[in-house]
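Report on one structure; see the data block that follows.
The values are calculated or read from the model by the stated rules, or taken from the named source; none is laboratory data. Nothing here was measured: the structure is a model prediction, and the numbers come from that model. Neighbour counts are summed over all protein chains in view; Cβ atoms, including those assigned to glycine, are modelled from backbone coordinates with ideal geometry. For the accessible areas, the whole protein counts, side chains as well, though only heavy atoms, and no ligand, DNA or RNA atoms are used. Shrake-Rupley method; radii C 1.70, N 1.55, O 1.52, S 1.80 Å.
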Amino acid sequence: MTYETLGSTNAEALARARAGEGGPLWITTRTQLAGRGRRGSAWVSEPGNLYATLLLTEPSPKDLAPQLAFVTALAVHDAVAECAPQLGPMLSVKWPNDLLLGGKKLAGILIEGESDPRFAVAIGIGVNCAHHPADTRYPATDLAAAGAIVAPGHLAGVLSAAMQRRLAQWQRGERFASIRTDWLKRAANLGRDIQVRLPERELTGRFEGVDELGRLLLQGPSGPTVVTAGEVFGLGAS
């Protein structure tokens, strides 16, 4: 489903799920009026970028659904690398759900779910094709700024196929180990010192990887720490 304007592709997907839509269903829009990111942060949604959501019903047991952030990050990486192969070596994934280009945020992922009437998941994806927000906490960029002209509609088609392949690889969570291995090959700052910002404190240490549940493994001055949720910055990032 393609729209000219929506409040939010995720909100539209979940509304359709409540009305009985089972999916898989892709929803895209040229402009979002109420786009949002993690923890309710606003996502700049001007025309020219890709704003898409994939609606899935019962994609896995509920406790495994957070793994979809890794599945989706790989699919977005695959799609951008296919559409702009010259940029492939500059792409990396940032825990838990961002795609970086040259160390700057190129794409974000927001996964939301509801259980009534059935367990449904909306996988929201925003890719900066033509422009990017300024003055963000994490530096951002876009494909055009890197010299790659990629139409959102074309990227959406390539992403749909890439997502289908990665979901098949994942097998409803049964083969997350395979997804985890592929994700780590593309991980930003793996083996380097990072800062993890939590609501109540900040942690600093070496990024050792992710465990079998997708949690971040941090080796700090006082020992290892397992992080379930947080915002990751390379040291020196503002």
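For the chain, the solvent-accessible area of protein heavy atoms averages 45 Å² per residue (probe radius 1.4 Å; ligands and nucleic acids excluded).
The reciprocal of the average 1/r between distinct C-alpha atoms defines the Kirkwood hydrodynamic radius, which for the stretch 160-238 equals 13.8 Å. Run the helix sum for the chain: -39,500 (n - 2.57) per DSSP H stretch of 4+ residues, divided by residue count, reported at 222 nm to the nearest 500 deg cm²/dmol. Result for the chain: -7500 deg cm²/dmol, rounded to the nearest 500.
Legend: residues T181, T225, sorted from most to least accessible area (1.4 Å probe; ligands, DNA and RNA excluded), read T181, T225. Rolling a 1.4 Å probe over the protein heavy atoms leaves D116 with an accessible area of roughly 120 Å². Excluding same-chain neighbours fewer than eight residues apart, the lysines reachable from K62 by a Cα-Cα span under 26 Å are K94. Within the stretch 20-157, DSSP assigns beta bridges of which about 95% are antiparallel (rounded to the nearest 5). Dipole size of the stretch 135-238 about its Cα centre, with +1 on Lys/Arg Cβ and -1 on Asp/Glu Cβ: approximately 320 debye, rounded to the nearest 20.
Given +1 at the Cβ of Lys and Arg, -1 at the Cβ of Asp and Glu and no other charges, the dipole of the chain around its Cα centre is 260 debye to the nearest 20. Per-residue surface analysis assigns M1 an accessible area of about 100 Å², computed on protein heavy atoms at 1.4 Å probe radius.
Among C83, C129, the order of accessible area from largest down is C83, C129, computed with a 1.4 Å probe on protein heavy atoms.
Heavy-atom accessible area with a 1.4 Å probe sorts L155, L217, largest first, into L217, L155. Percent of Cα pairs in the chain per distance bin of 10 Å, from zero to the largest separation: 8, 33, 38, 19, 2, 0.
For the chain, the relative contact order comes to 17 percent (Cα pairs under 8 Å, sequence separation of at least 6). With N counted as the residues of the stretch 1-128, its alpha-carbon radius of gyration over 2.2 N^0.38 Å works out to 1.03.
Our estimate of slack between D135 and T31, defined as 0.36 nm per intervening residue step minus the Cα-Cα distance, is 35.4 nm. What is the percent carbon and sulfur in the accessible area of the chain, measuring with a 1.4 Å probe over the protein chains and ignoring ligands? Accessible surface attributable to carbon and sulfur in the chain totals 51 percent.
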